[in-house]
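Structure first, commentary second.
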Amino acid sequence: MRVGLLTGGGDCPGLNAVIRAVVRKGELVHGDEVIGFLDAWDGVIAQRTMSLDIRSLRGMLPKGGTLLGTRRGSPYDVPGGVEAVIATFADMALDALIVVGGNGSLSVACSLHKEFGLPIVGVPKTIDNDIEGTDWTFGFNTAVQIATDAIDRLHTTAESHDRVMVVEVMGRHSGWIATHAGIAGGATVILIPELPFDVDEICSILHARHERGRYASIVVVAEGAEPAEGSMPGREKVYDRFGHVRLRGIADLLAPEIEARSGLETRVVLLGHIQRGGTPSAFDRVLATRYGVEAIDAVHDGAWGQMTAIRGDHMIRVPLADVAGKTRSVDMDLYRDVASVFFG
Ligand code: F6P
């Protein structure tokens, strides 16, 4: 078969491992020709490609980012974009397209399949781990490890100066990274988008800790966390040109409030894109490899309009229609019954 592949949305450690797995199994087991589209949907629209074979992927397993390049954006937002995608299938005699992407790319994949019957298989990708239908997305484990390493380092400087450190991690709509890195790093408080926070409550937790003789504290906050109504001034929302909200900066608003109300010296650390960069963890390399192998097998099963997923330790497939437009929230049992036991 002639199989196209694109990586869309924000990059993520493990993308190259997925590409490598698709190509390896496609070429060796199924006898496929795999064509990589450059820069996500832009490459499909403009037919900008690179051919992918086992040789061209040597050494890519441990590399972060994506060798195909990636972009946010949808062919539905480009005049003539959808028609161009359909034309690419015909012009290039494509038998299938594997879309490795986040919520945005998977929604586009779902619509193109539903409206035009295009033979598409989706693979979920995000460091945020917030895609419906799957237990884990590759890249998440790496991001959590990076955030945990940073928190570990912040403990010593916080302790030396008796300071509160407010550490902002990624997680636009869900607090998966914050919750896992917060548990792993021994955070004093973890703030997530799923649960509006109250600054006075945070200060009472910090004071109670002080009274026990522990002066340094780490507050982990997901970028999408919001104050409860009336707790402190909210922030103005800024949107990028694709309509995604840009949330970076809640720690900058929260830290002065904590300092003013608690009297404790407070500093801010924004981890930002460091969480998305660099080599994937061993766990993510294995997970990404499993996603890639499952995707090319799904192509050969004609599982169009399906997304590969992991449940427990099993690779499964779920309809893109059940996933598109949804966000998977943090496991609140984990947050309430485990993470919060260690607050204070
Ligand atoms: O891919 C998800 C994510 O990492 C979010 O956690 C974050 O808000 C966003 O991407 C940042 O996107 P960009 O790289 O476009 O600024």
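For H161, are the conditions met, namely being away from the ligand (no atom under 14 Å from the Cβ) and closer than 20 Å to M232 by Cα? When the stated conditions are applied, H161 does not pass them.
Screening I177, I190, I183 for residues that are over 18 Å from E265 (Cβ atoms), aliphatic (A, V, I, L, M), surrounded by fewer than 23 Cβ atoms within 10 Å (Cβ to Cβ) and touching a residue at least 60 places away in the same chain (Cβ under 8 Å) leaves exactly one candidate, I183.
Counting only strands (runs of 3 or more DSSP E) that sit completely within the stretch 158-275, those holding 2 or more residues that are small (G, A, S) correspond to 217-222. D135 passes every criterion in (1) part of a helix (DSSP H, G or I); (2) in contact with a strand residue (DSSP E or B) (Cβ under 8 Å, 6 or more places away or on another chain); (3) closer than 30 Å to I296 by Cα apart from (1).
R285: under 18 Å from D11 (Cβ atoms) and outside any strand (DSSP E or B), yes or no?
Considered against the rule, which asks whether it is under 18 Å from D11 (Cβ atoms) and outside any strand (DSSP E or B), R285 comes out as yes.
Within the stretch 72-92, residues that are under 23 Å from G10 (Cβ atoms) reach no partner that is outside any helix (DSSP H, G or I) and among the hydroxyl-bearing types (S, T, Y) with beta carbons closer than 6 Å at six or more positions or on different chains. Being under 12 Å from I98 (Cβ atoms) and not basic (K, R) is the filter here; which residues of the stretch 16-43 pass it? Within the stretch 16-43, V18, I19, A21, V22, V23, G26, D32, V34, I35, G36, F37 qualify.
Since every read-out is calculated from the coordinates, none of them should be taken as a lab result. Fair warning: this is a prediction, and the values are worked out from it, not measured in the lab. Cβ sites come from the backbone with ideal geometry, for glycine too, and all protein chains shown count toward neighbours.
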